Amino acid sequence: MFLRVEKKILELRSGIYIGVVTAMGLDNQSPNEKIGQLLRGEVEAAAGALSGKNLKEDEDLQLYRCAMKELGVNPSKYPCSIEAILTRISKKGEFPAVSPVVDLGNYISIKYRLPVGVHDLDTLQEDLWIRLAGEEDCGMEENHLQGDELKPGEPVYVSGHLVRTRRWIWRQMPAGRVAETAKNFLFPIDGFYDNREQVEAACAELVSRIREFFSVEAEFGVINRENDEIRFGFMTEEEKEIENQIAIMLKGVAQSTATPEIRRKLAEAGREGRPLRVKLGLDPSAPDIHIGHSVVLRKIRQLQDLGHKAVIIIGDYTGMIGDPTGKSKTRKQLSREDVERNAETYMEQIFKIIDRDRTEVHFNSEWLSKMNFGDVIELAAKCTVARMLERDDFNKRYTNHLPLSVHEFFYPLMQAYDSVAIEADIELGGTDQTFNILMGRNIQRDYGQTPQLTLFMPLLEGIDGVEKMSKSLGNYVGISEPAAVIYEKIMKIPDSLILKYYNLCTDVHPDEVAKLQKMLEDGVNPRDVKMMLALEITGLYAGKEAAVQAQEHFRMVYQKNQMPEDVPSLEIDGGSDPVQGEQILNLLAGGGFYKTKSEARRIFQQGGAQVDGEKVTDVKALALPVGTEHTLKMGKNRFFKILVR
């Protein structure tokens, strides 16, 4: 189940900030003298502090009085719960005990000057809402008080249509009362961004006190403008599946649509019995793929494995403009032939990662080429120039008087319209595509569609751990490289990137990644976890069998310092004379193993070369008899066989 808050209430004052603590299995029947002492002590302290003061002028309470006025509630006639409690204490100097759990809630409420509710989870049949009452709520006799009927528009805590608290935080109704036999509880601590520090402190102490007095670990979450719902209690199988999908979907993600919106989209698609349509637009200007490019593709594959459909859009029409994102000058436009050639190469590679059977492929010329000038004007009217100039690259070029063509403004609009054309449910992209993808949400809304969810993947550092992975920098791992090369390259990444590579480059479940993180925190050798990572990534692209062989090769060369079986052979025709060292240098450079003879010679001179296990520093003095076979080790782990014929 969920606690959810209606938008109008979320936006009260500086914005609602509700701490939500849930605890299961609390003993609310056995007397608890320690809780009683806490409550009596706080009541006594409050009575002294409130003596002679006008509560209506109290700063803490003013937040609630003003918010209730915004909702049409007279706070003098219907004070919020904490004001009512403090008023009683100031007048009578006492406050009654009820039961251990309720008393603990009242102690927290008095100490932090906050409304604290206590709800019995087992009496909830549907989600708990904070919303404005509707006609159906008002039609239920149980929701009325004598001489005080519930009317539409009144703020209430409600489950289904049964009101649990009237006038938001004024008075508890019979449906919301807590029996002594209750065991599972939800404590909403209502507040605002203005007093969020008090709310967080109150939640922290409540969690701590529940652990102290009931030996139970409570859970704590927050409802605010960015997160309008929170889950509590036991989950149905359907809810568990949705939460599992969300965990996989958000694994490694840098930014995304708020989780409640993702949850609602998944639930809606489940009810409709359809997969989500997951959009990925490809720029057909860079056809070579390494695992840095594969970050987004791996996420697509994970969503496909959950039953969703990938919709790949080849931007042949947008490619003719060229994406100006991050560019300081106008992009060169691609020809139709360039676009089609690159697209064909790209598709060959991406189907090594994503599932072809769960993929649609479209060229956006399918719809963009059919638009007439009126359609283009209609699309352009959906966005202002000021909005376009919020993009960093556009703004810098405009400010610095660099060329900025009107047609470049159409790139984000055209990409956004792609989402309308295919009715996208989700769009993925790198963080550098944030503006374009969010534009898609806005344009879908303008065309009457439900806005797509957004998932932004971070850039992946290369194996040097510093720069973005790039073929030109040599810090890349190609998806088509030999298994031994992939494995060896992954083993070179810094320890600090192990978890990031697990999150972005593998399909390992988030729960398993969390276990690996715990292993590292507990002092497990990072090398061992990295070898597991290298095996996982190598297996994805070269197959499991090849990955196991690559791992054994690595162990033999790098850990056991042994020569593997599949090393390059240098065959030399020595005639009748011994082979000289210079001939070996010629073969090492001529075979492409080293760029020059000088590079290979330096390894000898620096003591990094061994022949048959013996260090050789003077390559000129090396002489190998005809008809012999030798082992040459160059550096830490490069081996060669030398065959002298």
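The values are calculated or read from the model by the stated rules, or taken from the named source; none is laboratory data. Worth saying up front: this structure is predicted, and the values here are computed from it rather than measured. Note: ideal-geometry Cβ built from the backbone for every residue, glycine included; neighbour counts use all protein chains shown.
Among the residues of this structure, ASN184 does not count as one that is closer than 18 Å to LEU63 by Cα and touching a residue at least 24 places away in the same chain (Cβ under 8 Å).
When restricted to residues that are touching a residue at least 40 places away in the same chain (Cβ under 8 Å) and surrounded by fewer than 17 Cβ atoms within 10 Å (Cβ to Cβ), region 592-626 contains 6. For region 224-273, filtering for residues that are touching a strand residue (DSSP E or B) at 6+ places or on another chain (Cβ under 9 Å) and either part of a loop (DSSP other than H, G, I, E, B) or of a type in the set (Lys, Arg) (or both) leaves 13. Residues in region 240-269 that are in contact (Cβ under 8 Å) with a residue 60 or more places away in the chain and small (Gly, Ala, Ser) were compared, and the one that is surrounded by the most Cβ atoms within 10 Å (Cβ to Cβ) is GLY252.
The strands (runs of 3 or more DSSP E) located wholly in region 104-187 that include 1 or more residues which are under 33 Å from the mean Cα position of the chain (by Cα) and buried (at least 16 other Cβ atoms within 10 Å of the Cβ) occupy 128-132, 155-159. Residues considered: VAL626, VAL619, VAL579. Of these, the only one that is in contact with a strand residue (DSSP E or B) (Cβ under 8 Å, 6 or more places away or on another chain) and either within 30 Å of LEU540 (Cβ to Cβ) or at pLDDT 85 or above (or both) is VAL619.
The conditions of being over 25 Å from the mean Cα position of the chain (by Cα) and among the small types (Gly, Ala, Ser) are not met by ALA416. Within region 76-92, being touching a residue at least 12 places away in the same chain (Cβ under 8 Å) and part of a loop (DSSP other than H, G, I, E, B) holds for SER76, TYR78, PRO79, CYS80. Against the list (1) in a helix (DSSP H, G or I); (2) aromatic (Phe, Trp, Tyr); (3) on the phi > 0 side of the Ramachandran plot, the condition PHE213 fails is (3). Among the residues of region 631-642, the one identified as surrounded by fewer than 17 Cβ atoms within 10 Å (Cβ to Cβ) and in contact with a strand residue (DSSP E or B) (Cβ under 6 Å, 6 or more places away or on another chain) is LYS641. In the condition set (1) in contact with a Gly (Cβ under 7 Å, 6 or more places away or on another chain); (2) at pLDDT 90 or above; (3) part of a loop (DSSP other than H, G, I, E, B), ILE353 is compliant with all but (1).
Figure legend. Inter-residue proximity from region 380-399: first residues exposed (fewer than 14 other Cβ atoms within 10 Å of the Cβ), second residues part of a loop (DSSP other than H, G, I, E, B), beta-carbon distance below 6 Å, spacing 6+ or different chains. Indicated pairs: ASN395/LEU389. You will find that of GLU337, GLU344, the residue that is surrounded by fewer than 21 Cβ atoms within 10 Å (Cβ to Cβ), under 26 Å from LEU460 (Cβ atoms) and modelled with pLDDT under 85 is GLU344 and no other. The lone criterion from (1) among the hydrophobic types (A, V, I, L, M, F, W, C); (2) in a helix (DSSP H, G or I); (3) surrounded by 15 or more Cβ atoms within 10 Å (Cβ to Cβ) left unmet by VAL508 is number (2).
Among all positions in region 90-102, there is no residue which is of a type in the set (D, E, K, R), assigned by TED's automatic domain parsing to the domain that holds LEU26 and either crowded, with 18+ Cβ neighbours inside 10 Å or modelled with pLDDT of 95 or more (or both).
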